[in-house]
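Colleague: Quick one: this structure, given as structure tokens, is what I'll be asking you about.
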Amino acid sequence: MSGAAGGVASVGRVQLKLRKTLKGHLAKIYAMHWSADSRQMVSASQDGKLLVWDCFTGNKLVAVPLKSAWVMSVAFAPSGNLVASGGLDNICTVYNIKAASPKTLRELDAHTGYLSCCRFLSDSEIITASDKLKRPQTIMFTNHIGDCMSLALSPDMNTFISGACDSLAKLWDVRDGACKQTFSGHTSDINAIAFFPSGNAVITGSDDCSCKMYDLRSDQEVIGYQDTSLNAGVTSLALSSSGRLIFAGYDDFNCHIWDSLKGEKVGVLSGHDNRVSCTGVPDDGMGVCTGSWDSFLKLWN
Amino acid sequence: MSNNSAANSSLVIAQKAVKQLRLEASVRRIKVSQAAAELKTFCLQNAHKDPLLTGVPSSDNPFRPPKSCVLL
């Protein structure tokens with residue numbers, strides 16, 4: 001990749017300004033997910049609440065009280081009508097947020113381990129990652145050896161990728177549940193994973209303090225993103241809409257920005273007072289949201 | 001007897017692992033140089049549409065609407 005990107009002009013220093021700080025949670029924020037409308041966003045905190053925000057105004061639209069405060073993951077359904085969350089209660093709960101007051105629609109409790117990540121395929125189907133990956137109807141994806149920590153759906157929704165504590169990333173077919181490819185290279189737990197917007201590559205972030213890009217069609221790692229000055233694990237990842245910028249949240253309280261083609265650090269988003277636990281870029285690519293254990297969400301562009 | 005069944009189940013697990021590895025090894029691959037070139041092309045083609053790369057003018061910035069004076 002460094003060879004291919006040799007001729008590409010550098011992006012230069014990327015400086016994004018903090019536009020909004022969303023205050024409202026009372027404890028560590030563990031997860032956030034943008035809605036498909038690129039305006040609303042849901043965040044989950046261990047204060048036992050999910051908050052749905054209107055990011056244009058900074059207002060809170062809906063507050064969903066959780067039965068269990070130990071939430072680790074949250075997802076917005078593509079329709080915008082539902083959100084799902086789960087965590088140490090081993091249950092994935094789906095809520096209807098368009099009802100007069102948020103109603104629990106379903107509780108998916110056939111997990112034997114904590115729920116680390118969930119993503120909606122549609123209003124009626126959700127993929128959940130716990131110690132095993134699952135689709136509730138028939139398919140259980142049981143190939144990871146360690147806890148699965150993160151998952152990402154491909155842009156065409158036919159495949160998804162999972163990253164686990166066994167330091168492997170695996171590509172799965174959504175319909176038949178088969179594991180198509182496995183990518184190794186990390187030396188510690190993979191905490192974050194995201195698809196490159198073309199759907200042909202995936203980026204992973206790990207406790208080994210590095211990120212890697214794996215190309216799906218050539219079945220190997222094409223570039224690594226690491227820096228000797230960075231000694232903190234990667235907690236979360238998001239890509240800009242062209243795929244050129246990688247926003248990686250680290251345990252060092254910052255979100256570092258990498259040039260995905262050249263493998264260079266091109267910027268940093270600092271401002272959080274504790275670990276950055278989640279990052280997300282909305283579908284329209286207009287900004288980045290970082291959520292942290294300091295209980296704040298920050299919007300940058 | 002229990003030794004046998006333990007040996008059998010680890011044999012079964014190993015056989016599954018080999019089957020999965022064979023499946024993954026048979027995946028059709030393209031050359032890395034071609035893959036890298038295509039990723040680079042995708043980035044460059046979409047760069048002008050990427051607001052985080054090109055910058056967001058404050059008049060269009062949904063997260064920071066332009067301040068305006070309102071006469072009451």
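Colleague: In the stretch A:87-104, what residues are of a type outside the set (S, T, Y) and either over 19 Å from A:L61 (Cα atoms) or not in a strand (DSSP E or B) (or both)? I'd like the intermediate steps shown before the answer.
Modeller: The initial filter retains those residues of the stretch A:87-104 that are of a type outside the set (S, T, Y), namely A:87-92, A:94, A:96-100, A:102-103.
Across the stretch A:87-104, the qualifying residues are A:G87, A:L88, A:D89, A:N90, A:I91, A:C92, A:I97, A:K98, A:A99, A:A100, A:P102.
To keep it simple, each residue is scored yes or no on (1) facing chain B (nearest Cβ under 10 Å); (2) farther than 19 Å from A:A31 by Cα.
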residue	(1), (2)
A:G185	no, yes
A:A192	no, no
A:F196	yes, yes
A:S236	no, no
A:D259	yes, yes
A:G280	no, no
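Colleague: In the stretch A:1-39, how many residues are within 19 Å of A:K265 (Cα to Cα) and in contact with a Ser or Thr (Cβ under 6 Å, 6 or more places away or on another chain)?
Modeller: 0
Colleague: So which of A:D54, A:D89 is touching a Ser or Thr at 6+ places or on another chain (Cβ under 8 Å) and either without any contact (Cβ under 8 Å) to a residue 60 or more places away in the chain or crowded, with 22+ Cβ neighbours inside 10 Å (or both)?
Modeller: Numbers: A:D54 fails: touching a Ser or Thr at 6+ places or on another chain (Cβ under 8 Å).
Selected residue: A:D89, the only one of A:D54, A:D89 that is touching a Ser or Thr at 6+ places or on another chain (Cβ under 8 Å) and either without any contact (Cβ under 8 Å) to a residue 60 or more places away in the chain or crowded, with 22+ Cβ neighbours inside 10 Å (or both).
Colleague: Same structure again: Which one of A:S162, A:S184, A:S188 is crowded, with 21+ Cβ neighbours inside 10 Å and polar (S, T, N, Q)? Don't jump to the end; show me each part of the working.
Modeller: Working: A:S184 fails: crowded, with 21+ Cβ neighbours inside 10 Å; A:S188 fails: crowded, with 21+ Cβ neighbours inside 10 Å.
After ruling out the rest, the residue left standing is A:S162.
Colleague: Restricting attention to the stretch B:45-67, and to residues there that are more than 7 Å from every other protein chain (Cβ to nearest Cβ) and either polar (S, T, N, Q) or assigned to a helix (DSSP H, G or I) (or both), which single residue is farthest from the chain's Cα centre (by Cα)? It would help to see each step written out before you state the result.
Modeller: At the first step, the residues of the stretch B:45-67 found to be more than 7 Å from every other protein chain (Cβ to nearest Cβ) are B:45, B:48, B:54-55, B:57-60, B:65-67.
When the remaining residues are screened for being either polar (S, T, N, Q) or assigned to a helix (DSSP H, G or I) (or both), the result is B:45, B:48, B:54, B:58-59.
Numbers: B:Q45: 18, B:H48: 21, B:T54: 23, B:S58: 31, B:S59: 33 Å.
It comes out as B:S59.
Colleague: Is it true that some residue in the stretch B:29-43 is in contact with a Gly (Cβ under 6 Å, 6 or more places away or on another chain) and within 7 Å of chain A (Cβ to nearest Cβ)? Full working, then the answer.
Modeller: First, pick out the residues of the stretch B:29-43 that are in contact with a Gly (Cβ under 6 Å, 6 or more places away or on another chain): B:43.
Still in the list and also within 7 Å of chain A (Cβ to nearest Cβ): B:43.
Yes: the stretch B:29-43 contains one or more residues that are in contact with a Gly (Cβ under 6 Å, 6 or more places away or on another chain) and within 7 Å of chain A (Cβ to nearest Cβ).
Readers should treat all values here as calculations from the given coordinates under stated rules, not as data from a laboratory. What you are looking at is a predicted structure, and each value in this text was computed from that prediction instead of being measured. Note: ideal-geometry Cβ built from the backbone for every residue, glycine included; neighbour counts use all protein chains shown.
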